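Contents: one structure, followed by commentary.
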Amino acid sequence: MISRKKCLLLATVLLPFAMQTQAQLILDNYVIPAGKPGAAIGKVTGANKATISADTSGLFTIEKNTLRLKKGKSLPAGAFKFEVAVSAGTEKVVYTLVKDEFHQNKVVAHRGAWKNQPGSQNSLSSLKDAIKLGCAGSEFDIWMSADGQMVLSHDPEIGGKKVEETNAAELTAIALDNGDKVPTLEQYLDEGMKQNGTKLVLEIKPSKVSKERGQELATKAVEMVRAKQAQGWIIYISFDYDICKRVVELDPYAKVQYLNGEKSPAQLKADKIWGFDYNYGVVNKDMSILKDARSKGVTTNVWTVNKAEQMTQLLDAGVDFLTTDEPELALEKVKGK
Ligand code: MG
């Protein structure tokens, strides 16, 4: 018999967790197909009967929990993001839907475009330059500061300070190589959502302090993406499989790619992980992994592909994304295909 006291204790420990993981009124897709009047956009999950409670554009409807463009309606030229409020029972959620004009060229700029550009890696300049080049994606890395803020850095230390042991105000004052300042995740999302050509490839770094801190960062990242309504722009990546699984737990339709290289496409599919983003050495050892992934509907991304012949090899093998420090060269290679 579990005592009443133990029951209460269990409920105290488990309830907040259950509440956090409950997926309520989420969409399975936030990207609007372009040029298809009346197109279905995504299914609202987490409620039996969802309705639209506000839509200033007048373009959207919900039929049988599927959010779609109204019959015969297509998107106006010039506009690319639309807010729609959806209600069910007492709950109301605002989604930002984004018109699908994302580049299909497969090129993901690794830490943004910086190597052949004036800005620093993992800066707003490197994002702006990846967008200007027309990359399919701009990758970046986040850590959690001592005071629980999300900031960009590749390494656990930046400007001589340990990111996880320093407050965000101090970190964001650090000048990077080319004069850029360390950005926050919020600034990066705000900048990225000004456009709809380049996806934001968000790497969640495992914590050096504890496994739990990595889980906390994953939770905070998904919460911020939700609060900013940035779902349509985001691909998550991480070396920590439990971080990938945490993201999927919080948003079952999040696009997540695993980085560490040892999981088979079948395993990823079983865990509802959208794809892999593996090192070139792993993929080159057995290129059939690309075909295997494709047959299972698992997306493929390979890092860090900086050599022209490797780009050609992977493009010929039908890779979905190439992550590279040389996006200019990769874009040339794609154009030649
Ligand atoms: Mg990275």
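A few comments on the model shown:
- Applying the criterion of being away from the ligand (no atom under 16 Å from the Cβ) and open to solvent by less than 30 Å² (accessible area, probe 1.4 Å) to the residues of the stretch 318-330, the residue that is nearest to P265 (Cα to Cα) is V319.
- Only listed residue being within 16 Å of the ligand (Cβ to nearest atom) and either surrounded by fewer than 17 Cβ atoms within 10 Å (Cβ to Cβ) or free of Cβ contacts under 8 Å to residues at least 60 places away in the same chain (or both), chosen from D155, D147: D155
- Residue tally, condition more than 16 Å from the ligand (Cβ to nearest atom) and under 25 Å from M287 (Cβ atoms), over the stretch 216-240: 0
- Subset of the stretch 323-333 (residues that are touching a strand residue (DSSP E or B) at 6+ places or on another chain (Cβ under 6 Å) and among the aliphatic types (A, V, I, L, M)): A330, L331
- For A175, the criteria (1) over 30 Å from A330 (Cα atoms); (2) small (G, A, S); (3) open to solvent by 20 Å² or more (accessible area, probe 1.4 Å) hold in every case but one, which is (1).
Yes/no per residue for (1) within 16 Å of the ligand (Cβ to nearest atom); (2) surrounded by 14 or more Cβ atoms within 10 Å (Cβ to Cβ):
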{"site": "A47", "(1), (2)": "no, yes"}
{"site": "T61", "(1), (2)": "no, yes"}
{"site": "V94", "(1), (2)": "no, no"}
{"site": "K115", "(1), (2)": "yes, yes"}
{"site": "S120", "(1), (2)": "yes, yes"}
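- For Y188, the test of being open to solvent by less than 10 Å² (accessible area, probe 1.4 Å), aromatic (F, W, Y) and either in a loop (DSSP other than H, G, I, E, B) or assigned by TED's automatic domain parsing to the domain that holds P206 (or both) is passed.
- Restricting attention to the stretch 63-78, the residues that are exposed (fewer than 11 other Cβ atoms within 10 Å of the Cβ) and within 23 Å of K199 (Cα to Cα) total 2.
The values are calculated or read from the model by the stated rules, or taken from the named source; none is laboratory data. Everything quoted here is computed from the prediction, not taken from an experiment. Cβ atoms come from the backbone with ideal geometry, glycine included; neighbour counts cover every protein chain shown. Just the protein is used for accessible areas: all its heavy atoms, side chains included, with ligands, DNA and RNA removed. Shrake-Rupley method; radii C 1.70, N 1.55, O 1.52, S 1.80 Å.
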